[in-house]
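The values are calculated or read from the model by the stated rules, or taken from the named source; none is laboratory data. What you see is a predicted model, and the numbers here were worked out from it, not measured in a lab. In this analysis, Cβ positions are derived from the backbone assuming ideal geometry, glycine residues included, and neighbour counts consider all displayed protein chains. Note: areas computed on protein heavy atoms with side chains; ligands, DNA, RNA excluded. Shrake-Rupley method; radii C 1.70, N 1.55, O 1.52, S 1.80 Å.
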Amino acid sequence: MIVRVLGSAAGGGVPQWNCGCPNCAAVRRGERPRRLQSSLAVSADGDRWLLLNVSPDIAEQIEAHPPLQPRGVRGTPISGMLLTDANVDHLGGLVTLRQAGAHRFVVRSSAIVREIATAQPAFAQFSQPPHRWLAADDGVLAGADGDPVGSGLEVRAVPVPGLTPGFAGRAAVRGAVTAYAIRAGGGPTVLFAPVFAAVDDTLAAEIAAADVAFIDGSFFTDDEMLATGAGDKRATSLGHAPLGGPDGTLARIGTRHGRCFATHINNTNPILDPASSAATELAAHGVDVASDGLVLTL
Ligand SMILES: [Zn+2]
Ligand SMILES: [Zn+2]
């Protein structure tokens, strides 16, 4: 299986257009790499690709990854997408993909995410022919004709604690957020969990069992947005468990896990500064910072 990190930032990216925080400023000075909004592309064969979330940066991400580019006059090797939730930075790129023409995408998300998303006219077309939008709430996903799932990739949906998006009321309902465990041909498992409000026992077990896990690295502390002056909301009120602190993700997952990457990193997060104590603490738990363009072959 091949995994490509298309983006590793939370909504807005790094730098974010209206942000002059130290992390955004460091990228603008050329001291650190830019980060697009988080997404992965995975493939069993390098031929057909499945997107894990579709960020508003998808057009730029396709141009940065030649295997995702068309192989003829029109077309795409992207066959489908899995959505973790209905936040705009995780599915907004569907708007860019609306010129699909006769190409058929198979979209998968929980039933409630499908309901929330397809209530928006911009996304509703992906539940209409030639596309299909299938509910994937829990357990192993069956393949649909022409998409990568069932033809090499095995995907398992794992409901995790989380909230519906702000525009849908930030409700803590089952299915609001889903993680996906993916493997090819019985090989190593990759867990994609870029959003979660807490690490419950199920998620802790999935992170421990995965050969490679991508976990929610949005914030290091709960009050990070307030402390940096970047916003008035706490991490937990936005549905993200902070990495640090006695109740944080790092304390919860310990160091007994396979290769692990923090992704969906908000531009306020101190782990983006390699010299910070937060970055040191992250490394001490065996967790790396995901980077755009990273390619893993498992
Ligand atoms: Zn997000
Ligand atoms: Zn910033």
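Considered as a group, the residues in the stretch 3-49 that are in contact with a Gly (Cβ under 7 Å, 6 or more places away or on another chain) and among the hydroxyl-bearing types (S, T, Y) include one that is nearest to ligand 1 (Cβ to nearest atom), and that residue is S38. W49 meets all of the listed conditions (1) aromatic (F, W, Y); (2) open to solvent by 10 Å² or more (accessible area, probe 1.4 Å); (3) touching a Ser or Thr at 6+ places or on another chain (Cβ under 6 Å) but one, namely (2). Taken over the stretch 81-112, the residue count meeting the criterion of being at pLDDT below 95 and within 18 Å of V140 (Cβ to Cβ) is 0. The residue that is farthest from ligand 2 (Cβ to nearest atom), among those in the stretch 3-32 that are part of a loop (DSSP other than H, G, I, E, B) and touching a His at 6+ places or on another chain (Cβ under 8 Å), is S8.
The residues listed here are R98, R104, R108, R35; of these, the one that is among the basic types (K, R), under 18 Å from the mean Cα position of the chain (by Cα) and more than 16 Å from ligand 2 (Cβ to nearest atom) is R108. Checked against the criterion of being under 16 Å from A193 (Cα atoms) and either open to solvent by 60 Å² or more (accessible area, probe 1.4 Å) or among the small types (G, A, S) (or both), the candidates G231, G293, G258, G245 yield just one match: G258. Every condition in (1) under 30 Å from T297 (Cβ atoms); (2) within 16 Å of ligand 2 (Cβ to nearest atom); (3) touching a strand residue (DSSP E or B) at 6+ places or on another chain (Cβ under 9 Å) is met by D273 except one, and the failing one is (3).
For the stretch 192-212, does any single residue satisfy the condition of being in contact (Cβ under 8 Å) with a residue 24 or more places away in the chain, within 16 Å of ligand 1 (Cβ to nearest atom), acidic (D, E) and not in a loop (DSSP other than H, G, I, E, B)? No, the conditions are met nowhere in the stretch 192-212. Please go through the stretch 177-198 and give me each residue that is open to solvent by less than 20 Å² (accessible area, probe 1.4 Å), under 17 Å from R256 (Cα atoms) and β-branched (V, I, T), ordered by number. The one that is open to solvent by less than 20 Å² (accessible area, probe 1.4 Å), under 17 Å from R256 (Cα atoms) and β-branched (V, I, T): V190.
So, in the stretch 113-152, exactly how many residues are surrounded by 21 or more Cβ atoms within 10 Å (Cβ to Cβ), within 22 Å of V195 (Cα to Cα) and at pLDDT 95 or above? Looking only at that region, the number is 6.
Residue by residue through the stretch 30-67, note down the ones that are in contact (Cβ under 8 Å) with a residue 60 or more places away in the chain and more than 22 Å from N267 (Cα to Cα). Once the filter is applied, which keeps residues that are in contact (Cβ under 8 Å) with a residue 60 or more places away in the chain and more than 22 Å from N267 (Cα to Cα), the stretch 30-67 yields V42, S43, A44, D45, R48, W49, L50, H65, P67. Filtered by the rule that a residue be surrounded by fewer than 22 Cβ atoms within 10 Å (Cβ to Cβ) and more than 14 Å from ligand 2 (Cβ to nearest atom), the stretch 208-225 gives A208, A209, D211, V212, T221, D222, D223. When restricted to residues that are part of a loop (DSSP other than H, G, I, E, B) and open to solvent by 20 Å² or more (accessible area, probe 1.4 Å), the stretch 92-112 contains 5. Selection within the stretch 156-178: residues that are under 16 Å from A10 (Cα atoms) and of a type in the set (G, A, S). The member of this set that is modelled with the lowest pLDDT is G166. Do we find that D89 is within 16 Å of ligand 2 (Cβ to nearest atom), open to solvent by less than 30 Å² (accessible area, probe 1.4 Å), closer than 26 Å to R114 by Cβ and under 12 Å from the mean Cα position of the chain (by Cα) in this structure? Yes, satisfied.
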